[in-house]
Amino acid sequence: AEMANLLKTNPEEAKKRLSNRISFGTAGLRGPMGAGFDRMNDLVVIQATQGLCSYIRSLYKEDSKKTYRLAIAYDHRERKDLNLSSENFALYTAAVALEAGFEVHFFEGHTPTPFVPFLLKESDMDAGIVVTASHNPKRDNGFKVYWGNGAQIVKPHDAGIAKHILQNLKPWKKYDISKVVEKCVKCKKETFEAYFKAIAARLCKYGAENKSTDLKFVYTAMHGVGYESIKKAFKAFNLPEAIPVKKQVLADPEFPTVSFPNPEEKGALDLAKKIAEEEKANLILANDPDADRLAVVELDAKTGRKIEFSGNEIGILLADWQWFKYKSDGKMSHSLSDIYMMNSTVSSKMLRAYAAHEKFQYVDTLTGFKWLGTTAYNLTKSRKKVLFMFEEAIGFCCGDISYDKDGVSAAAVFAEMACYLKRERNCTVAEHLDSLYRKLGYFMAYNSYIRVTNQEILKTIFARLRNEGNYWFRVKNLEIKSIRDLKIGYDSSQKDKKATLPKSNVLTYEFDNGCTMTLRPSGTEPKLKFYIEIAGKTEESTTKKLHATTRILLTEMLEPGKYG
């Protein structure tokens, strides 16, 4: 109906939607819901699932006895005016997979994303799908693909699936979703039970002591699907039940109280802060709508300050906590040379400094949890111990629960850490963070983005910086120490000048004053992202240095005035 209307009222828009295809990339599929091949709709989901199933079957042509298994979950997103929803997308996904001969493990009802990678890691599956657009605007939806190892898909699988989608555009049949669930294995109840049992056994250290804490927590689900799982996670850790932000805690596809349902966005946590003040709470814990990310705010009763921790700060706090727990168990199962923590290359180098100080191993990867998860899987296969991994965009994976970010377990782990700090060290989380800064140096970052809807401008900016291989060696008075250009696999700091990370459109500069700057286009949104970090001996001097350096770099390198 929408396309028929467009053909009458806006033929140019109709032509655009029918001439372009939504690309299968970083997060599988993600885009606005609506009619057309460049939108998320029933047909596009059917085509994507046919391609996925075809690709998986092509990998096992010689194995006629193989049982193919696919896990499917979905969130609450919906466009009632267009009759499009996450639930229906999930049902069509299941219908196609059943037609392709797959055994489908189906999560009935709205489900947080972390339960699918957990199930994949703990069982024998070929792939998993979560229908979600995470923290994107309400008009969007997505088709997130996990491989059988429990990590998000990487090369060559992403390209292989994309190829098979194009080979299977015509629906194999007219799919009926009315009785699909009856033909699936209903896996939600047992997976949830196994998950909460696992996080209690493998991540909770002070269950008995947690009961008696006097800390108060406020929780917001950002109109998403996390609340029931957070309640169960807190119960598994014997933590007091968090106080819900009632206007945001239930799943609502309209996201009525926020402009963008992302706890990192300005103003998104205003309502939670108001409730926390009224309740005299100590900490605010916030998930994004599909509950795979975690934001944290601490309220300082002494000063009245509300301290919003960055993703990098939450990351180093959880890293320190994971290491403290592992050491204090008194039974280190691996040597220091086999113990790893990791983060993405645009995340804080404070984790690298922490690993060097404690003498365990540090690895960085390309941006995105698909790279972190795949690296963790490979390390684990090699009998290494991966204790923790994170990305600055508030994504955290504690321990060996899964190979993807998990805002549910991270919330419980962070809450337990806060309880311990209050009980045993009589300090706040912010005070403990400051002690880490004093030990390792003040790593201060300014991470943000410039919205660039015109892709030609984006190309021009990167082309100017690359200068046909004649890279810059100075930005005003700032000397460039090294350059890494992953688009061509170049790294001036390496003896052979070859980068160790896979190729990607990412530029990283290290300056003589200790500053690191990384630039990359977003994989899911029209944004040029930049990450600037500098370390120093005091907070005040480092902040001043960061501000001065950032001003020069952004003005000279990105020329925001020129491009509006």
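The values are calculated or read from the model by the stated rules, or taken from the named source; none is laboratory data. Treat the numbers as computed from the prediction; the structure is a model and nothing was measured. Virtual Cβ from ideal backbone geometry, glycine too; neighbours counted across all protein chains shown. Side chains included, ligands, DNA and RNA excluded: accessible areas come from the protein's heavy atoms. Shrake-Rupley method; radii C 1.70, N 1.55, O 1.52, S 1.80 Å.
Side notes on the structure shown:
- Distance between the pseudo-spin-label points of Trp172 and His547 (7 Å out from Cα toward the beta carbon): 6.1 nm.
- Solvent exposure of region 395-478 amounts to 44 Å² per residue of accessible area, where only protein heavy atoms count and the probe is 1.4 Å.
- Carbon + sulfur, % of accessible area of region 402-516 - ligands and nucleic acids excluded, 1.4 Å: 47 percent
- Segment Ala159-Ile307, length gained on full extension (0.36 nm per residue, minus Cα span): 49.0 nm
- Residue-span extension gain [Arg438 to Met3] - 0.36 nm each, minus C-alpha spacing: 150.6 nm
- Rg to Rh quotient for the chain, alpha carbon positions, Kirkwood Rh: 0.96
- Distance violations [Cα-Cα > 23 Å] among Lys144/Lys385; Lys385/Lys405; Lys349/Lys385: Lys144/Lys385
- Inter-label distance, nm, simple model (7 Å from Cα along the C-beta direction), Glu265/Asp81: 1.7 nm
- Length, then width, then depth: along the principal axes, the Cα atoms of region 449-564 run 39, 39, 25 Å.
- Phi-based couplings in Hz for region 464-479 (Karplus 6.51, -1.76, 1.60; Gly and Pro marked x): 5, 6, 6, 6, 6, x, 8, 5, 4, 10, 7, 10, 6, 9, 9, 7
- Using the Stokes-Einstein relation with a Kirkwood hydrodynamic radius computed over Cα pairs, the translational diffusion coefficient of region 345-458 at 10 °C and a viscosity of 1.306 mPa s comes to 97 µm²/s.
- Calculated FRET efficiency for the pair Asn467/Glu559, C-beta based, R₀ 25 Å, to 0.05: 0.95
- Flagged links, alpha-carbon separation over 24 Å, of Lys266/Lys562; Lys188/Lys231; Lys327/Lys359; Lys459/Lys527; Lys459/Lys529; Lys325/Lys439: Lys266/Lys562
- Burial ranking of peptide ranges 407-419, 391-403, 318-330 (average Cβ count within 10 Å, highest at the top): 407-419, 391-403, 318-330
- Amide H within-cut-off set for Thr365, under 5 Å, with H built and near neighbours excluded: Asn343, Ser344, Thr345
- Per-residue HN-Hα couplings for region 190-200 [Karplus 6.51, -1.76, 1.60; θ = phi - 60°; Hz; x = Gly/Pro]: 5, 5, 4, 4, 5, 5, 5, 5, 5, 5, 5
- Rounded to 0.05, the FRET efficiency of the Asp338 and Lys495 pair, given R0 = 25 Å and the Cβ-Cβ distance, is 0.45.
- As a fraction of the 1.4 Å probe accessible area of region 38-84, surface on carbon and sulfur atoms comes out at 40 percent.
- Protection-proxy order for peptides 30-39, 532-541, 47-56, each taking the mean of Cβ atoms within 10 Å per residue, highest first: 47-56, 30-39, 532-541
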